[in-house]
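S.K.: Below is a structure I'd like to ask you about.
The values are calculated or read from the model by the stated rules, or taken from the named source; none is laboratory data. It should be emphasised that the depicted structure is a prediction, and the values quoted were computed from it without experimental measurement. Don't worry about glycine lacking a Cβ; one is built from the backbone with ideal geometry, like all the others, and counts go over all protein chains shown. Each accessible area value is taken on the protein alone, full model and side chains, heavy atoms only, with ligands, DNA and RNA left out. Shrake-Rupley method; radii C 1.70, N 1.55, O 1.52, S 1.80 Å.
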Amino acid sequence: MELFSDQFNGYLWQMAQGAYVTLQLFAAGFSLALVIGVLVGIITLSKNIVIQAFWKVYSSIIMGVPSLLIIFLLYYGGSAMLSGIFGTDRSFDVTPFGAGVAALTIVYACYIAELVHGAVMNLPKGQFEACSALAIRPIAAWRHVILPQLTRLALPGLINIWMIVLKDTPLVSLAGLNDLVANAKIAAGATKEPFIFFIAASLFFIAFSALTLRLSARLETRFNRGIAEVKA
Amino acid sequence: MSALQTSDLTAVAAPRPVAVQMTKVDKYYGKFKALSGIDLTVRKGEKIVICGPSGSGKSTLIRTINRLEPHDGGTIVVNGITLDGSPTSVQDVRLECGMVFQQFNLFPHLTILENCMLAPRLTRKLSKEQAEAVATKYLERVHIGAQAHKFPSQLSGGQQQRVAIARALCMEPPIMLFDEPTSALDPEMIKEVLQVMEDLAEDGMTMICVTHEMGFARRVANRVVFMDQGEIVEEAGTDAFFETPKSDRLKNFLAQILH
Ligand SMILES: Nc1ncnc2c1ncn2[C@@H]1O[C@H](COP(=O)(O)OP(=O)(O)OP(=O)(O)O)[C@@H](O)[C@H]1O
Ligand SMILES: [Mg+2]
């Protein structure tokens, strides 16, 4: 097949659209997982035994099952589940995109919650005590003292999860989502040019990783404010 | 006799008002009894030193006063507020008490100035300018105004502890609690921190200090309390405490600590 023929350009355009879908899926999945993961992480710090027991069982199930199965479960079983919850008289359309966002959120919120737990354990107890002694109320203490330090402690782990979520997005193509990898596969099959299209898709992921590393380096400098000087 | 005369007489005779009143206070960690039957009265302007062997419950006692540890029996009243565990009582009592810890516990991600401004802004609802003025005033008082824009990690231990004292003072509490403020410091830095505490004592602050610095106790304390195994074993005016200890446990302790 000729490079930059109309047909070729058509497939490239399709891949660009697929890349846009991948980015949307990633952005929605990661940001929801981050918000819910941090909230759940804070709530499950509670010493309440019911919360503890529930969290132990729930998180080991979610983290023990392959993400792909959760995507399938939500895609093929999603409308039955929603009807079960909201009543059978209404029908629910579950799109591959919706199921994908939900699955990524559910799975990675768990990992992020665990990350929050680890970071809180690593925070000296004296930080909480100093806030209490200064009569700073819990919500303000979390916002101004605890979370900024947790962010620093959890940042390397968060960057890891960020990369893993990105690399998990193609799984949703197996539920029929036309993301970057799905469209690369279509183009490769139709043109019998696997290298061009699969390498193009890989370049997208590599470029995204490179951007991520630059972003994380910036964030690290920012959150190490006050701590970096010790090493200098 | 007129009412005026009576009140004059009582004014002369009445001791200073009570700042902290602990009555029959018990505290358990699980089944372990860390405090038993603690009775302690601290009056406004008094300086109390608490000493005793490691594990005797000194930290636990001082931490029940601002409810970093809840007590399990007895009553604690701080400047008229009974610590009954309700959120308002806890908050009100914490506004009455500043606390300084052995490990400083400064906020590492904030500058010295920001460390001192945070609580006044959040809790006393001061404006940025007001909080900065208060912070600057107390940082200068502990002789560390020049370091205001550094981070805690850039200061020596003694400097960090002086910042921690300033941070507590910024809430302008009438009572200050100190839990071994010099125990984590190198010897050459202990003096600068004790000096700041002595200045504070001279200004009439009510102070309760857990410390092993017996020189400081002799110079500053009105009364010294000796604890062992969760109990107050002996309590006396400073001179009597060191010159004529009564119990064998205190005699042994003093013999060890004063060599
Ligand atoms: N959070 C806790 N859980 C269980 N036991 C505790 C806890 N905190 C303190 N204890 C125990 O209570 C006792 C009193 O401890 P506390 O810290 O009040 O002693 P201390 O007099 O301050 O000792 P030190 O001089 O070593 O600081 C000790 O036996 C200690 O092991
Ligand atoms: Mg102690």
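S.K.: So which trypsin sites (Lys or Arg not before Pro) in segment A:11-115 are both in a DSSP loop and have at most 13 other Cβ atoms within 10 Å of their Cβ?
M.R.: Counting only loop positions with at most 13 other Cβ atoms within 10 Å, the trypsin sites (Lys or Arg not before Pro) in segment A:11-115 are A:LYS47, A:ARG90.
S.K.: B:ALA19's amide H: which non-local residues (gap 5+, or another chain) put their own amide H closer than 5 Å, with H modeled 1.01 Å from N in plane and none for Pro or chain starts?
M.R.: Answer set, sorted by chain and number: B:VAL42, B:ARG43, B:LYS44.
S.K.: Rounded to the nearest 500, what is chain A's calculated 222 nm mean residue ellipticity when only DSSP H runs of at least 4 contribute -39500 (n - 2.57) each, over all residues?
M.R.: Calculated from helices alone, the mean residue ellipticity at 222 nm is -26500 deg cm²/dmol.
S.K.: Report the far tail of the P(r) of chain B, meaning the percent of Cα-Cα pairs longer than 25 Å.
M.R.: Taking all Cα-Cα pairs of chain B, the fraction more than 25 Å apart is 48 percent.
S.K.: Given springs between every Cα pair under 10 Å in a Gaussian network model of chain A, which of A:ILE71, A:ILE61, A:ILE159 has the largest fluctuation?
M.R.: A:ILE61
S.K.: In addition: Please give the calculated 222 nm ellipticity per residue for chain B, where each DSSP H segment of at least 4 residues contributes -39500 (n - 2.57) and the sum is spread over every residue; nearest 500 deg cm²/dmol?
M.R.: -12500 deg cm²/dmol, from helical runs alone.
S.K.: With springs only between Cα atoms under 10 Å, which of B:ALA164, B:ALA148, B:ALA240 fluctuates most in a Gaussian network model of chain B?
M.R.: For chain B, modelled as a Gaussian network with Cα springs under 10 Å, the answer is B:ALA240.
S.K.: B:MET197: accessible area at probe 1.4 Å, nearest 10 Å²?
M.R.: That residue has around 0 Å² of solvent-accessible surface.
S.K.: Also: Accessible area, 1.4 Å probe, largest first: how do A:THR221, A:THR88 sort?
M.R.: Reading off the accessible areas and sorting them downward yields A:THR88, A:THR221.
S.K.: In percent, what relative contact order does chain A have, based on Cα pairs under 8 Å that are 6 or more apart in sequence?
M.R.: 29 percent
S.K.: Another one. Rounded to the nearest 0.05, what FRET efficiency do A:ALA27 and A:LEU3 give with R0 = 30 Å and r taken as the Cβ-Cβ distance? Could you check?
M.R.: For A:ALA27 and A:LEU3, the calculated efficiency is 0.45.
S.K.: While we're looking at this one, here's another question. With no solvent and one point on each alpha carbon, what is the Debye value of log10 I(q)/I(0) for segment A:7-231 at q = 0.09, 0.11, 0.18 Å⁻¹?
M.R.: -0.49, -0.69, -1.29
S.K.: ³J(HN,Hα) across segment B:198-203 via Karplus (A = 6.51, B = -1.76, C = 1.60, θ = phi - 60°), whole Hz, x for Gly/Pro?
M.R.: With coefficients 6.51, -1.76 and 1.60, one gets 5, 4, 4, 4, 5, 7 Hz.
S.K.: Using a Gaussian network model on chain A with a 10 Å cutoff between Cα atoms, which of A:LEU32, A:LEU74, A:LEU174 fluctuates the most?
M.R.: A:LEU174
S.K.: Here's a follow-up. Skipping prolines and chain starts, which residues have an amide H placed within reach, meaning under 5 Å, of the one on B:GLU234, given they are 5 or more residues away or on another chain?
M.R.: Result for B:GLU234 returns B:PHE226.
S.K.: Would you grab the residues whose amide H sits under 5 Å from the one on B:GLY74? Only those 5+ places off in sequence or on another chain, please, with H modelled 1.01 Å from N.
M.R.: HN-HN under 5 Å from B:GLY74: B:ASP26.
S.K.: Would you kindly derive the ³J(HN,Hα) couplings of segment B:109-122 from the backbone phi angles with the Karplus curve 6.51 cos²θ - 1.76 cosθ + 1.60 (θ = phi - 60°), listing them in order in whole Hz, with x for Gly and Pro?
M.R.: With the stated coefficients, segment B:109-122 comes to 8, 10, 5, 3, 4, 5, 4, 7, 8, 4, 5, x, 5, 6 Hz.
S.K.: Can you run phi through the Karplus equation (6.51, -1.76, 1.60; θ = phi - 60°) for segment B:30-39 and list ³J(HN,Hα) in whole Hz, with x for Gly and Pro?
M.R.: Each residue of segment B:30-39 in turn: x, 8, 7, 8, 8, 9, 9, x, 7, 10 Hz.
S.K.: Now a separate question. With respect to the cross-link table entries B:LYS47/B:LYS125; B:LYS33/B:LYS191; B:LYS27/B:LYS246; A:LYS56/A:LYS125; B:LYS27/B:LYS125, which display a Cα-Cα separation exceeding 32 Å?
M.R.: From B:LYS47/B:LYS125; B:LYS33/B:LYS191; B:LYS27/B:LYS246; A:LYS56/A:LYS125; B:LYS27/B:LYS125, over 32 Å: B:LYS33/B:LYS191; B:LYS27/B:LYS125.
S.K.: Any idea what the alpha-carbon Rg over 2.2 N^0.38 Å comes to for the protein assembly as shown?
M.R.: That works out to 1.34 for the protein assembly as shown.
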